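**Q** Below you'll find the structure I mean.
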Amino acid sequence: MASAIENEKITLTYFQEISARGQFVTAILDIIGRKYELKSIPHGKWETEKLNTPFGVLPVLDVDGKKIGGTVTIARFVAERYGKGKLDQESDPFISAYYEGQADISNEILVKLYTYSFAKEEEKEDKRKAFESYAKDKLSFLEKSIKPGGSFQGKEGKLTWSEIVISSLLRDIRSVYPNHEEVLKEFPNLRAMCENICRLLPKK
């Protein structure tokens with residue numbers, strides 16, 4: 001018999017035009033095999049829908065009517081609540097805090113990536129330089145934290161939720177940023193980890 005947690009209905013809501021932040025979460029859900037529904041909001045309806053969110057930001061996760069906001073918060077919640085046996089459930093608060101720090105860095109890089117992507121033509125070059133400088137600096141720190149060959153960092157080689165977030169970031173950079181090879185070429189362990197995780201994603 002399914003448990004109460006297994007029977008929970010979960011819905012993820014994100015911007016129709018910018019799905020990347022929501023993809024952090026959908027990647028975790030897909031890898032652990034948890035069913036969910038997606039709801040996308042066009043920017044034109046955001047001011048109305050904003051009133052229905054916990055903090056006035058997207059994405060939002062709805063669990064049987066209870067709403068949670070914040071990309072990293074949602075990613076951690078989903079992994080801890082639904083990923084038992086499939087993701088590392090490390091209880092050490094120092095390790096957990098470090099993983100969350102990794103995810104925060106990923107989120108900030110993503111903000112700069114889409115700031116560049118949606119910039120006006122006359123602002124594009126400045127935004128490009130800002131993104132590349134910031135991304136290379138922060139990715140260099142993430143590179144040091146990844147095991148050689150992109151091996152997973154959890155106990156007994158298990159995958160952690162923050163690694164899924166980081167791999168989603170790299171996939172977003174590759175799909176959105178034209179000069180992605182220049183940005184990522186110095187980070188072999190990050191690239192290897194991303195490839196290892198992509199193999200776990202279900203084919204769609």
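**Q** Counting only residues that are among the aliphatic types (A, V, I, L, M), at pLDDT 90 or above and in contact with a strand residue (DSSP E or B) (Cβ under 6 Å, 6 or more places away or on another chain), how many does the range 57-94 have?
**A** 5
**Q** Any residue that is free of Cβ contacts under 8 Å to residues at least 60 places away in the same chain, crowded, with 22+ Cβ neighbours inside 10 Å and farther than 26 Å from S3 by Cβ - is there at least one of those in the range 145-162?
**A** Yes, the range 145-162 contains at least one residue that is free of Cβ contacts under 8 Å to residues at least 60 places away in the same chain, crowded, with 22+ Cβ neighbours inside 10 Å and farther than 26 Å from S3 by Cβ.
**Q** Take the range 153-176 and flag every residue that is under 12 Å from I31 (Cβ atoms) and either in contact with a Ser or Thr (Cβ under 7 Å, 6 or more places away or on another chain) or not in a loop (DSSP other than H, G, I, E, B) (or both).
**A** Those that are under 12 Å from I31 (Cβ atoms) and either in contact with a Ser or Thr (Cβ under 7 Å, 6 or more places away or on another chain) or not in a loop (DSSP other than H, G, I, E, B) (or both): W161, E163, I164, V165, S167, S168.
**Q** Could we say that A130 is over 28 Å from R199 (Cα atoms), in contact with a helix residue (DSSP H, G or I) (Cβ under 7 Å, 6 or more places away or on another chain), part of a loop (DSSP other than H, G, I, E, B) and among the small types (G, A, S) here?
**A** Values: over 28 Å from R199 (Cα atoms): yes; in contact with a helix residue (DSSP H, G or I) (Cβ under 7 Å, 6 or more places away or on another chain): yes; part of a loop (DSSP other than H, G, I, E, B): no; among the small types (G, A, S): yes.
Taking the combined requirement at face value, the residue does not satisfy it.
**Q** Oh, and also: Mind checking which residues of the range 179-204 are assigned to a loop (DSSP other than H, G, I, E, B) and touching a helix residue (DSSP H, G or I) at 6+ places or on another chain (Cβ under 9 Å)?
**A** N179, K185, E186, F187, L200, L201, P202, K204 - these are the residues of the range 179-204 that are assigned to a loop (DSSP other than H, G, I, E, B) and touching a helix residue (DSSP H, G or I) at 6+ places or on another chain (Cβ under 9 Å).
**Q** Can you tell me which of (1) within 24 Å of T26 (Cβ to Cβ); (2) surrounded by fewer than 17 Cβ atoms within 10 Å (Cβ to Cβ) is the one N179 doesn't meet?
**A** (1)
**Q** Tell me, which helices (runs of 4 or more DSSP H) wholly within the range 37-120 include 2 or more residues that are within 19 Å of S167 (Cβ to Cβ) and in contact (Cβ under 8 Å) with a residue 60 or more places away in the chain?
**A** Here the list reads 71-82, 93-117.
The values are calculated or read from the model by the stated rules, or taken from the named source; none is laboratory data. This is a predicted model, so every value here is computed, not measured. For neighbour counting, all protein chains shown are included, and Cβ atoms are generated from backbone atoms with ideal geometry for every residue, glycine included.
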